[in-house]
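What follows draws every value from the coordinates through simple rules; no lab data is involved. A quick note: this is a predicted structure, and the numbers were derived from the prediction, not measured. Neighbour counts run over all protein chains shown; Cβ positions are idealised from the backbone, glycine included.
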Amino acid sequence: MKNYKTIVLSNHEISPDYFRMRILTPGFAAKAQPGQFVMIRTELMLPTMLRRPFGIFRVGCLPAECDGLPPREYMEILYKVVGQGTKILSELHQGDRVELLGPLGNGYDLGTPGKAKLLVGGGIGLVPLFMLGEALIKRGEKVRLLMGGRTRDDILAVTEFERSGVETYVSTDDGSLGEGGLVTKVLERKLGKHPDAEVFACGPTPMLTAVANMCAAHKVSLQVSLEAHMACGVGACLGCVVKGKGHSDSHPQYLCTCKAGPVFNAADLDWGMTAAPGNDCAGGGCK
Amino acid sequence: MSSHKEKTMPVARPSLAVEVAGLKLKNPVMPASGTFGYGEEYAPYFDLNRLGALVTKGLSLHAKAGNPTPRIAETTSGMLNAIGLQNVGIDAFVSSKVPVYRGIHTPVIANFFGNTLEEYGEVAKKLNDVPEVTAVELNISCPNVKQGGIVFGTDPVAAAQVVALVRKALNKPLIVKLTPNVTDITVIARAVEEAGADAISCINTITGMAIDVRTRKPKIANRTGGLSGPAIRPVAVRMVHQVVQAVKIPVIGIGGIMCANDALEFLIVGARAVQVGTANFIDPQAMLTIIDGLEQFLIDEGLTDINQVIGSLQL
């Protein structure tokens, strides 16, 4: 991990309120694991504003602009404008300076080769799943993405998943794209067909809770990527903790999202009926 | 093409060294407790040896799990936190964190707290046997659970009592960290000086509250939290100024320092050293930038020693 002082290569609105930012990050791709995250700030933020955490969407390389120049390595984030920080980021242009700390945290474990891989994304929660899909495809796995959103505007980058070889199933709450209804309905069906599947999920807390209950009922393994408010991203502030397995008021079990996560085995978390483990930060694409 | 001849005058680098409570520090910059973990969290980003001192996360006799979430909320020019003093406990600190300090020569200041006088005394005794810990910083912003929850640091008698007890139990320099949540901080400052403190650090966070207007709920689960960051700096500078006037022991200034000029404000009103907190979250290298900025300030001002700045306030 490193604190990059670098520039924005591009920053576009890809769907209402959803942005995609590409940042110049030499040496980043070799280190980044699927499911890891970065902490970003820009000079346009007040010098007093905290960095914002974002899942790594993908990494790549631009061909050299001219013979003799090295290719330009980049990383991308997808994010939704939910507050002041993401608003400021959305106003950045090519060449604007950003600071990026990362890659941070623990990513997804790729699981057992040969078992069906079901990726479940809710809205901006699809972010950490792209590199996971790529890595699994590279290993010769059959990968399916179940992508859910409130409306068609919340369904992002699905064609990119398809291009990388992932089979995709889209559902929207209002039926404006793909199948109508919740993504968990699709998951239930897929788990019926693939009883030995391994599930990887990221999305809003209610979705994750439903997915966790379903996977527990089907006795299949589940890894989830969580979001939390964070100040430091490196395990120092202890602000981003979630409840671990066996948590109770008398014996609290807290795990740092940034250090122990953001990807957890669902079995290691406390999925109490009233108390979902994550601090929902409204889907800013943040961890 | 023009050729430039660089002027390279052989000038001695100005000295940033300061002395606080008998500790010789290579520069006056150290992290504020709780914003730098145990040090190891930030080791990948810079050489810990560059710091004037390293201040640990607050330690207690037994491990503490901390508060429910959400624990932090950003506010205008600052942040509220109610982490709940989560820490591994003094024994795990000694066995798993202290070995890291053998590889660095920066003095380590262990911050600790207790919920009873007895707990304070026991932790102090345990720290005596840890040679890697050079000095301690006493957090007295905690409620005394045995005396109706009165916060030690808000009552001059209770503050003096705990400081005297720790002073007696401890064989290392003792820095006492003061809470700003009092009517007159100089009363507490004088009380802890008389009780045997070797230095004072101030200010701890200011109690605050923030509300999510949509849900009508406090933004942090603990309802109230400690406000830190640049929002509190003018309050902190004022209080450090007052404390410096009130006591003879050295004062370490804390409160919203983001850059070298912020640190200089505290030094000019008489702080012998400074602690940097929230800035570490925003920029893991903030303290290095501040140290370099202090040196540059001395060069720009034609000064040779940071001690020429300390207490140089013009009134």
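Relative to the longest principal axis of the Cα atoms of chain A, helix A:205-218 runs at roughly 40 degrees.
Computing Rg and the Kirkwood Rh from the Cα coordinates of the protein assembly as shown gives a ratio, Rg/Rh, of 1.01. Once the Kirkwood radius over Cα pairs is known for the stretch B:18-308, the Stokes-Einstein relation at 4 °C and 1.567 mPa s delivers a diffusion coefficient of 68 µm²/s. Working note: Cα gyration tensor of the stretch B:126-217, eigenvalues times five, square-rooted, sorted largest first, giving semi-axes of 28, 16, 13 Å. Across the stretch A:125-136, rounded Karplus estimates of 3J(HN,Hα) from the backbone phi angles (6.51 cos²θ - 1.76 cosθ + 1.60, θ = phi - 60°) give x, 6, 3, x, 7, 5, 5, 5, x, 4, 5, 5 Hz, Gly and Pro being marked x. Between A:SER176, A:ALA216, A:THR159, the Cα set farthest toward the positive side of the dipole of the stretch A:152-223 (charges on each charged residue's Cβ, about the Cα centre) is that of A:ALA216. Calculation over all alpha carbon pairs of chain A in 5 angstrom steps from 0 returns a P(r) of 1, 6, 13, 17, 19, 17, 13, 8, 4, 1, 0, 0, 0 percent. If only the Cβ of Lys and Arg carry +1 and only the Cβ of Asp and Glu carry -1, the dipole of chain A around its Cα centre is close to 500 debye.
Can you compute the FRET efficiency between A:SER176 and B:PHE46 using 1/(1 + (r/R0)^6), with r the Cβ-Cβ distance and R0 = 35 Å? Round to the nearest 0.05.
Efficiency at R0 = 35 Å is approximately 0.10.
Karplus-based coupling profile of the stretch B:118-128, in residue order and whole Hz: 4, 4, 4, x, 5, 5, 4, 4, 5, 5, 4, with θ = phi - 60° in 6.51 cos²θ - 1.76 cosθ + 1.60 and x standing for Gly or Pro.
Roughly what % of DSSP beta bridges within chain B run antiparallel, to the nearest 5?
Given both bridge residues lie in chain B, the antiparallel proportion sits at roughly 45 percent.
Across peptide B:68-81, the average count of Cβ atoms from other chains found within 10 Å of a residue's Cβ is 6. Under 5 Å between amide hydrogens, built in the peptide plane, is the criterion, and for A:SER176 it picks out A:ARG152 among residues at least 5 positions away or on other chains. Given a cut-off of 23 Å, name the pairs among A:LYS80/A:LYS117; A:LYS138/A:LYS185; B:LYS57/B:LYS125 whose C-alpha atoms lie farther apart than that in the structure shown. Table pairs above 23 Å Cα-Cα are A:LYS80/A:LYS117; A:LYS138/A:LYS185. Between the beta carbons of B:LYS168 and A:ASP109, assuming R0 = 51 Å, the FRET efficiency works out to 0.45 to the nearest 0.05. Could you tell me which of B:LEU174, B:CYS202, A:ASN3 has its Cα farthest along the dipole of the protein assembly as shown towards the positive end, charges placed at Cβ (Lys, Arg +1; Asp, Glu -1), taken about the Cα centre? Value: B:LEU174. Here's the picture: charge each Lys and Arg Cβ at +1 and each Asp and Glu Cβ at -1 in the stretch B:232-315, and of B:VAL235, B:ILE299, B:GLY277 the one pushed furthest to the positive end of that dipole is B:VAL235. Work out the length of the dipole vector of the stretch B:18-308 about its Cα centre, built from +1 on the beta-carbon of each Lys and Arg and -1 on the beta-carbon of each Asp and Glu, and round it to the nearest 20 debye. With only Lys, Arg, Asp and Glu charged at Cβ, the dipole is about 880 debye.
Provide a whole-number value for the mean count of partner chain Cβ atoms within 10 Å of the Cβ atoms in peptide B:275-283.
Taking all residues of B:275-283 together, the mean is 5.
From most to least packed by mean Cβ count within 10 Å, the peptides B:237-246, B:61-70, A:5-14 give B:237-246, B:61-70, A:5-14. So if I take the alpha carbon set of the stretch A:2-104, get Rg, then get Rh from the Kirkwood formula, what is the Rg over Rh ratio? Ratio value, two decimals: 0.96. Seen against the Cα atoms of chain B and their longest principal axis, helix B:233-246 is set at about 80 degrees.
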